[in-house]
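Below is one structure, written out as structure tokens; the observations come after it.
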Amino acid sequence: MSQSRVAGPARTTDDRTPAPCGDGEEAPAGPPEDPPPARRGTAGGITWRIRLRRDRTLILMTLPAVLLVLVFNYIPLLGNVVAFQDYDPYVGDNALQAIARSPWVGVEHFTRMVEDRLFRQALGNTLAIFLVQLTLFFPVPIMLALLINSFVRPRVRAVAQAVLYLPHFFSWVLVVTIFQQMFGGAGMLAQTLREHGHEGIDLMTNPGLFKFLVTFEMVWKDAGWGVIVFLAALSAVSTDLYEAAAMDGASRWRRMWHVTLPALRPVVALLLVLQVGNALTVGFEQILLQRTAVGPTAAEVLDTYVWNVGIQFGDFSYAAAVGIVKGIFGLCLVLGANKVAHMMGEQGVYKR
């Protein structure tokens, strides 16, 4: 009795099942099938709901910081509307009523800014102080980090870090007072010169040295605190790199040049971009405390100019216009510096 065969579907060239060969061997399988495309709104096949449920603990931890930035940094931006008004805080019972009832003047305050000689003077002083600080202050934490990292004994390294960190916790009032006692007209330097028959000097009231004075004060106060970031970057460098360089005959300076400094390069690029973004913010409290001693011609910067115009004279609209220009200028500087970092092969603040 013959058995009937059921005819199966015809085999096509797209069939992925290996077909038997004449000698009992299997034919090689075709190329693997492509995975199904990810659904819209997914990343790597994981929906945003799954990621939200997976990262809910981290989101809850960052929520207070996000609310803090939102309340104190973003919501106040709505008040910049007064830059386009002749704002009068006394035409309403509260700030919202005053904004609603103040007349609109368009870009009148921005036009006035271009013609204001005091604004141009404050802008020039701000940029001059920034360039001095960028040249003299920015490299100091890097050099201190390299010096501390070269210490062999951990105890010596810890003591050096503590001594350098300590001035960061001093207020600017205390820092200016210390410098006044050291370099003022009745300070220790002037008295020492008088005791040896020389004329005493007062560096705290010299307008020509003011830019270098505030930079020196910032170095003494904050350079040690800036070392933390660079030491953290150096701690991630593998010791195998130093050992391999030493075995190849590299001296200590060669190891620093070819191992240590390349490890610091991404951090230096990032901090340099952020430093350029703060070009128009050179220290309000520090300069305000010394503005009277040297005069506004040398010490008036944008921050003190806005405070003087807006708070002392009550010209809130014009002060808001200056603040908007300062913010836009700082944003352009960050974007430009970040572009330069990308051209140098570094990540910068954000990736390309």
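The values are calculated or read from the model by the stated rules, or taken from the named source; none is laboratory data. Given the structure is predicted, the values throughout are model-derived calculations rather than measurements. No Cβ is skipped: glycine too gets one built from the backbone with ideal geometry, and neighbour counts run over all protein chains shown. These area figures cover heavy atoms from the full protein model, side chains too; ligands, DNA and RNA do not enter into them. Shrake-Rupley method; radii C 1.70, N 1.55, O 1.52, S 1.80 Å.
Can you find, within segment 200-212, the residue that is least open to solvent (accessible area, probe 1.4 Å) among those that are among the hydrophobic types (A, V, I, L, M, F, W, C) and without any contact (Cβ under 8 Å) to a residue 40 or more places away in the chain? Looking at residues that are among the hydrophobic types (A, V, I, L, M, F, W, C) and without any contact (Cβ under 8 Å) to a residue 40 or more places away in the chain, I get 203.
Determine whether residue 341 is in contact (Cβ under 8 Å) with a residue 60 or more places away in the chain and more than 30 Å from residue 203 (Cα to Cα). Before the answer, list the steps.
On the way: in contact (Cβ under 8 Å) with a residue 60 or more places away in the chain: yes; more than 30 Å from residue 203 (Cα to Cα): yes.
Answer is yes for this residue.
I need the full set of residues from segment 324-352 which are among the small types (Gly, Ala, Ser), farther than 22 Å from residue 74 by Cα and surrounded by 15 or more Cβ atoms within 10 Å (Cβ to Cβ), in order please.
Residues satisfying the conditions are 337, 341, 348.
In the set (1) over 21 Å from the mean Cα position of the chain (by Cα); (2) more than 22 Å from residue 270 (Cα to Cα), the condition left unmet by residue 148 is number (2).
So which of 172, 225, 220 ends up being open to solvent by less than 40 Å² (accessible area, probe 1.4 Å) and under 25 Å from residue 127 (Cα atoms)? Exactly one residue qualifies, and that residue is 172. Here segment 79-96 is the region considered, the condition is being among the aliphatic types (A, V, I, L, M) and open to solvent by less than 50 Å² (accessible area, probe 1.4 Å), and the residue that is farthest from residue 109 (Cα to Cα) is 81.
When segment 84-96 is filtered for residues that are assigned to a helix (DSSP H, G or I) and modelled with pLDDT of 90 or more, only 84 remains. Beta carbons closer than 6 Å, at least 6 apart along the sequence or on distinct chains, pair a first residue in segment 180-199 that is buried (at least 16 other Cβ atoms within 10 Å of the Cβ) with a second that is polar (S, T, N, Q) for 187/181. Being modelled with pLDDT of 85 or more, out of contact with any Phe, Trp or Tyr (no Cβ under 8 Å at 6 or more places or on another chain) and within 18 Å of residue 151 (Cα to Cα) is a property that does not hold for residue 212.
Select, from 267, 276, the only residue that is out of contact with any Leu (no Cβ under 7 Å at 6 or more places or on another chain), open to solvent by less than 70 Å² (accessible area, probe 1.4 Å) and closer than 28 Å to residue 332 by Cα.
267 is the lone residue from the list that is out of contact with any Leu (no Cβ under 7 Å at 6 or more places or on another chain), open to solvent by less than 70 Å² (accessible area, probe 1.4 Å) and closer than 28 Å to residue 332 by Cα.
Taking the condition open to solvent by less than 10 Å² (accessible area, probe 1.4 Å) and within 18 Å of residue 81 (Cβ to Cβ), does residue 321 pass? Considered against the rule, which asks whether it is open to solvent by less than 10 Å² (accessible area, probe 1.4 Å) and within 18 Å of residue 81 (Cβ to Cβ), residue 321 comes out as yes. Counting only helices (runs of 4 or more DSSP H) that sit wholly inside segment 100-161, those with at least 2 residues that are on the phi < 0 side of the Ramachandran plot and exposed (fewer than 12 other Cβ atoms within 10 Å of the Cβ) are 108-115, 117-136.
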